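First up is the structure itself, then whatever we jot down about it.
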Amino acid sequence: MKNTNVSRRKFFKAALAGASIGILAIWDKVVKTKVITTTKKIWKIPFPRFKKISFVEEFVVVNNHGNPEVLSAHCTHLGCLINRVEGDKLVCPCHGSEFSTSGKVIKGPAYQPLKKVAFHFSEKKDMIVIG
Ligand code: FES
């Protein structure tokens, strides 16, 4: 009588190898055909000449005597938008983290500084352009 265990084992090994190759081929196509589109948003926000601190959209604009600095308003703790000033401190409304006007952490729970945002002035120098 013929031993069928060996041939079954070979069959399952071959089937497993074939299935693996098929999965890899499909995976490769899925990964290669994935289209990633990114649209970079450009922000134009008015330069607040006469205000020391302004909250505009997702940004904090700190006007250092005409030499502005732009910080992300997203708190580095859990991402809430910072929208309040107490004295010279930027205060997160969610859990009370406090930051200096240069973005340094004064009080946690956040432990990382606010991100500085690169920008340039518009031609008329009346707008801050980000992006
Ligand atoms: S999200 Fe700002 S302190 Fe938690």
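The values are calculated or read from the model by the stated rules, or taken from the named source; none is laboratory data. Note that the structure is predicted; figures quoted are calculated from it, not measured. Positions of Cβ are generated from backbone atoms using ideal geometry, with glycine treated the same way; all protein chains shown enter the neighbour counts. These accessible areas exclude ligands, DNA and RNA; they are computed on the full protein's heavy atoms, side chains included. Shrake-Rupley method; radii C 1.70, N 1.55, O 1.52, S 1.80 Å.
Every residue in region 83-105 that is away from the ligand (no atom under 12 Å from the Cβ) and aliphatic (A, V, I, L, M), please. Selection gives Val85 alone. The residues in region 107-128 that are touching a Ser or Thr at 6+ places or on another chain (Cβ under 9 Å), over 16 Å from Arg49 (Cβ atoms) and either among the aliphatic types (A, V, I, L, M) or open to solvent by less than 30 Å² (accessible area, probe 1.4 Å) (or both) can be counted, and the count is 3. Residues in region 44-58 that are in a strand (DSSP E or B) and within 16 Å of the ligand (Cβ to nearest atom): Phe55 only. Given the criteria open to solvent by 70 Å² or more (accessible area, probe 1.4 Å), in contact with a His (Cβ under 8 Å, 6 or more places away or on another chain) and at pLDDT 90 or above, does Lys104 qualify? In short, no.
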